[in-house]
Amino acid sequence: MSRLTPSLRAALFSVFALLVTGLGAWLLFGRGTSPIQTDLLAMLPATERHPLAEAAVERLAHANGDRMVLLVEHANDATAKDAARELGKRLAADPAFAAVTAELPPFDLDQLIAPYLTHRFHLLTDADRATLTQTGYDAEQALKRRLNEPFLAGIGVKLQDDPFGWLQHWLDQQPWSRSPLLPEDDLLTAHRDDRTYVMVIATLRGSSYDDQVQRAALAALARAEQTVKHDHPGIQLLRAGAVFHAAEARAGAERDVHVVGLASTLGIAVLLLWTFRSPRPLLVAFLSTAIGVICALTATVLLFGQAYLLTLVFGAALLGEAVDYSIQYLCARANAGPRWQAMQGVRQVRPALLLALATSLLGYALLGLMPFPALRQMACFAMVGMLAACLSVFWLLPALLTAPATKPLSPMVVRGALALQTLAGRIGSGRRSLLAIALLLLVAAPGWWRLGHDDDIHLLISPPAELSRQEARIRDIAGIGNGSQFYLVHGDDAEQVLQREEALETHLQSLVQNGQLESWTGVAGMLPSAQRQQENHAALAPLFASRAQLEAQLQQAGLRADVATAYLDAWPGQPLTLAAWLALPVSTPFRYLWMDQGKDGIGSIVLPQGQDDVAVLRAAAEGLPGVELVDKPASISTLFGRYREYASVWLLAAFVLVALVFVWRYGRAAPRVMAPPLLGIGLTLAALGYLGQPLTLFHWMALMLVLGVGANYAVFLHEGEPHAAHLPGATYAGVLLSAVTALLSFGLLALSSMPALQHFGITLLLGIGFTALLVPAARSAREYVSV
Amino acid sequence: MRDMNEGRHPCRRKSKSGHPWPHFSMTALLCWIALCCTTLGAQAQDSGLLQQILDELGGHTSVRAAFTQSRENPALAQPQVSRGQLLFVVGRGMLWQVDEPFRETLALTGGRTARVDEQGHAQPVRGGDRGVAQVSQMLQSMLSGKPEDALRQFDVQAEGSTARWTLHFTPRQERMARVLRRIDLDGDRFLQGIRVELQGGESTQIRFADTRDAGELSPLEKRALGMPP
């Protein structure tokens, strides 16, 4: 390495940077699909023990993924329907949608019923089975009752196919018989509180998370909505669908990236120009940072295949930390004046930079230990970015900064820094320092006392309130469960799964009877287990055992002789098999409830509706083998809580590690170097307490960074001071410059739309602010004089 | 299994499943009939007479009658005939008490069907025929003088005079028209007859006799209809 001349090394590094940039550009833009992941659910960690459960969560989240579900609402029935028709036509005419359903296709009742006829002697409702197995079942009486039901009898299944009504009863229980949305004027319509709601469903021409598909669909909807609202004043449009969430998440992240990225870039630029009073240092600093960010993004996409929005926003904020290395080098150059030699400068800042890099990498590596995709990605992004930025200072910058600086650091900045430094140094020396610490602790204690904690999932996923409101309204009107809690039933084979689901149904039925549950949807209701079908068949067998007797009874009750014969000829029929059920057109919308995941096993999803108390739902699954309630939001919250606790321990561990490094390097001065970051963290916690912010996992993650950054500053000051003894205040000015750039970038995260990043930002804002003010105390006043 | 008679509609993934639900059961169709009762005046046809009829019907808060129901169906060798007593209470529902050819009392309240025992206790009929409950719901609404929803689903023609009228309900919508041909109601001060014709060839004729205001309800009847004693 040392044999390479600085310019050759710089050339090699430039080639490397260009190659990475090219690769990054190809990964980002060259492959047609964007690797930016707008699906917020994708960054959640796996929380469920059973692999099927994770697959089920995924499937439920995406079952309705690539569709827009729209409800057109108006007080006037005809207006609502006309508007829905027009909306349907306009959306259908737009190439953004693959299919649009407003008006329903022709309907053939016989087509629905026909496939069930061969299975009719295997499908019974619980009530009918119970009645049939009672002693003294009177078939003739049952027939008479059925044939003389008030108002009508032969609707649905024809009387000749089902004289007892058993199949009809069973079909009445099928999910499709029970929707609150009913076809009216060929539209799926519901009436509620004197208002009419009409459903329009638009299927996207691709994934909701695909940028182009998303934009095209939303634009098409906006156009159609505008026209429809113009043509039918007073129309309300309720919307639901992953595409809206994805778009909101993208818009929020884009806004964040713009605000944070742009504001911090501008802020840093102004600051650097002001301090160095020349454009060259500014360009050099940005080049170094850009290399860091480009390498980070490229490495992240290479390693993970995609980049989460969270990572991008975090990456925008990382600018402020990556720029620190070049600032240190630029300060050394400015302070050296005409005596500047580029390689000499590198040697001078190298120990400080390496130490700072080591502590940063340590901090981010701890972050990366969390089994949490989003955090790992952020850690990877940060580590690669910091490393690349630091290496660029060693290998690229010397070639660009061979000439000495024309002007020293802005005297105003240096004077300000010196004033602060003297003040802090004075307070931080001798007995006064103990008094100062005691006072700080006294001020901080009530803040600590007020600290609480919060582990809710909304930290990561907080859909806009208006969108949530509309979705809740649609769920309410269409009668859909909340979807975040469900039962997973699993077993060795399909039969076992269905039997276990039937056991669960018994429990759920008693909840329904106690008024604790509205209903549920599951496969076993549509496809009884072979065992249950056998029971059904067995319940009917005694009746059909004596064909002559039953034939007589049928005729006695009033059925025509040929009808009775045909009915008896249909006995015993076939059981309904899984394959047959899956092949029924009517099962299409429910197939996603059935999970056949190969090696992960076979399972089914049961969706409860009308009960939000998880404890009640959980109790229903208790004691049932192969049945568990999956509650992803709760699992995530539990996980957040667990890692929040770990994080506090990790912070301590990291602190000990850093302290050990400092003891090795600074010996007896180590406690003094360590004190500013430690006090900075303490004061930050107190301030959060005073602000009433409950601590989350993300506050703790930020505190780890505060430790890393704070230690950096102490190191920069401690290592840099001897080289700038002739310029009092200049080293601290460099540290302050680093701190302000960090505040500009990380601090702006506090404006983020995502609570997790907000917490992250505010913690860094406070932590870095406190630490930067306290850091001059890292060297006692005596030391400043003696060196 | 799930209680079908709760008047609620479980298992509704369909709506979100997004698939244009190409099929739905017949009984779901009957939901419309149940819904059949709003927006009077939306119909131009004889709205004056219709309104007068509904006003008159709605004026009787509880009515008793003897009924004879006769049903023809292609599957039947001869018509099925049943006889019994009907008690109708506005806002509560009806008791359909069959005396012949078997004895049974059904309480049809809102969307629920229940079998009433000797003591007047109503046992919900689970897995029973929803169509029955739904037609009864429609009649309850009509007889209560609140036909708004009916007019969304049916063209209603009123014939005759308030002293002797007939209302013809024909489905406005093709889907329903494929199953249900027509429903006719006729009467004078009271409803005197109902005729339900299905496309499959079934026709059910109900005639009422001795129709009168019900007067005081017995404790048993009140219990069966879920009214305070």
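Bear in mind these aren't lab numbers, they're just calculated from the coordinates by the rules spelled out. The structure displayed is predicted, hence computed values, not measured ones. Neighbour counts are summed over all protein chains in view; Cβ atoms, including those assigned to glycine, are modelled from backbone coordinates with ideal geometry.
In terms of overall dimensions, chain A has a Cα radius of gyration and Dmax of 35.0, 119 angstrom.
Helix-only estimate, please: 222 nm mean residue ellipticity of the protein assembly as shown, summing -39500 (n - 2.57) across DSSP H runs of length 4 or more and dividing by its residues, to the nearest 500. Don't skip to the end; give the middle numbers.
Numbers: 37 runs with 547 residues, N = 1016.
Taking each H run of at least 4 residues, the total per residue is -17500 deg cm²/dmol.
Phi angles of region A:173-181 translate, via the Karplus equation with coefficients 6.51, -1.76, 1.60 and θ = phi - 60°, into HN-Hα couplings of 8, 5, x, 5, 7, 10, 6, x, 8 Hz per residue; Gly and Pro are given as x.
Annotation for region B:80-116 versus region A:382-417: alpha-carbon center distance of 92 Å. Cβ-Cβ distance of B:Arg103 and A:Asp612, R₀ of 56 Å, FRET efficiency by 1/(1 + (r/R0)^6): the value works out to about 0.80.
Within the straight-line cut-off of under 14 Å between alpha carbons, the aspartates and glutamates reachable from A:Lys229 are A:Glu73, A:Asp82, A:Glu86, sequence neighbours fewer than 8 places apart in one chain being disregarded. Tell me whether region A:314-443 comes out rounded, prolate or oblate; compute the Cα gyration tensor, take square roots of the eigenvalues as a ≥ b ≥ c, and use a/c under 1.5 as the rounded threshold. In terms of gyration-tensor shape, oblate. In this rough spin-label picture, where each label sits 7 Å from Cα along the Cβ direction, the A:Asp493-A:Asn514 distance is 3.5 nm. Each label point was placed 7 Å from the Cα along the Cα-to-Cβ direction; for A:Gln555 and B:Ala177 their separation is 4.1 nm.
Quick one: longest stretch of chain A between exposed loop trypsin sites (Lys or Arg not before Pro), exposed meaning at most 13 other C-beta atoms within 10 Å and loop per DSSP? Maximal segment without exposed cleavage sites: A:50-787. For the pair region A:633-650 / region A:718-769, the C-alpha centres are spaced 28 Å from each other. With a Förster radius of 35 Å applied to the beta-carbon distance between A:Ala365 and A:Leu423, the computed FRET efficiency rounds to 0.45. Summary value for region A:583-718: 20 percent relative contact order, contacts being C-alpha pairs under 8 angstrom separated by 6+ residues. Under 5 Å between amide hydrogens, built in the peptide plane, is the criterion, and for B:Asp155 it picks out B:Thr170, B:Arg172 among residues at least 5 positions away or on other chains. What shape does region A:648-757 have by the C-alpha gyration tensor, where a ≥ b ≥ c are the square roots of the eigenvalues, rounded means a/c under 1.5, and otherwise prolate means a/b greater than b/c and oblate the rest? Taking the square roots of the gyration eigenvalues as a ≥ b ≥ c, region A:648-757 is oblate. Cross-link partners of A:Lys158 among aspartates and glutamates, defined as those whose alpha carbon lies under 12 angstrom from its own and excluding same-chain residues fewer than eight positions apart: A:Asp110, B:Glu202. Reducing region A:78-102 and region B:153-226 to their Cα centroids gives an inter-centroid distance of 37 Å. Whole-Hz Karplus values for region A:74-84 come out as 7, 5, 8, 4, 5, 4, 4, 5, 4, 5, 5 Hz, taken residue by residue from phi with 6.51 cos²θ - 1.76 cosθ + 1.60 and θ = phi - 60°; glycine and proline positions read x.
With the simple spin-label model, which puts each label point 7 Å out from Cα in the Cβ direction, the A:Leu657 to B:Gln52 separation comes to 9.3 nm. Ignoring aspartates and glutamates fewer than eight residues from A:Lys599 along the same chain, the ones with Cα atoms less than 18 angstrom from its Cα are A:Glu48, A:Glu54, A:Glu58, A:Asp492, A:Asp493, A:Glu495. Would you please classify the overall shape of region A:177-231 from the alpha carbon gyration tensor, given that a ≥ b ≥ c denote the square roots of the eigenvalues, rounded means a/c under 1.5, and beyond that prolate means a/b larger than b/c while oblate covers the rest? Oblate.
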